[in-house]
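Working notes for the structure below.
Taken together, the values in this text are just the output of simple stated rules run on the coordinates, not laboratory data. Fair warning: this is a prediction, and the values are worked out from it, not measured in the lab. Backbone-built Cβ (ideal geometry, glycine too); neighbour counts: all protein chains shown.
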Amino acid sequence: MTKGQDSAAAGIRIRAAYAKEAGAREAAMKLHLLRAQGISEGHNGTLTATVDADVVERAFYLIQQTGGVLEQDTMH
């Protein structure tokens, strides 16, 4: 396995903030459909998850569409 395959297998950790917890819940359900792992919703409207590299752009898009704002260190 090459180095690129190792990082893709490990996934990419994303974090987002939501003004409304309903948006975070909706995003969590949709991230499950993208087969995200380790999805966690905080009580303060935060969401974290790990997604495969091949769906990270779709994950970013759905976070934005559900009212979330990506935290700076997850943007590329």
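Note on Leu33 and Gln64: their simple-model spin labels are 1.8 nm apart, each label 7 Å out from Cα toward Cβ. Rounded to whole numbers, the Karplus 3J(HN,Hα) couplings from phi for segment 38-50 are x, 5, 9, 9, x, 6, 9, x, 9, 9, 10, 6, 10 Hz, using 6.51 cos²θ - 1.76 cosθ + 1.60 with θ = phi - 60°, and x at Gly and Pro. Put simply, the amide H of Glu71, placed in the peptide plane, has neighbours under 5 Å in Arg15, Ala16, Ala17, leaving out anything fewer than 5 places away on its chain.
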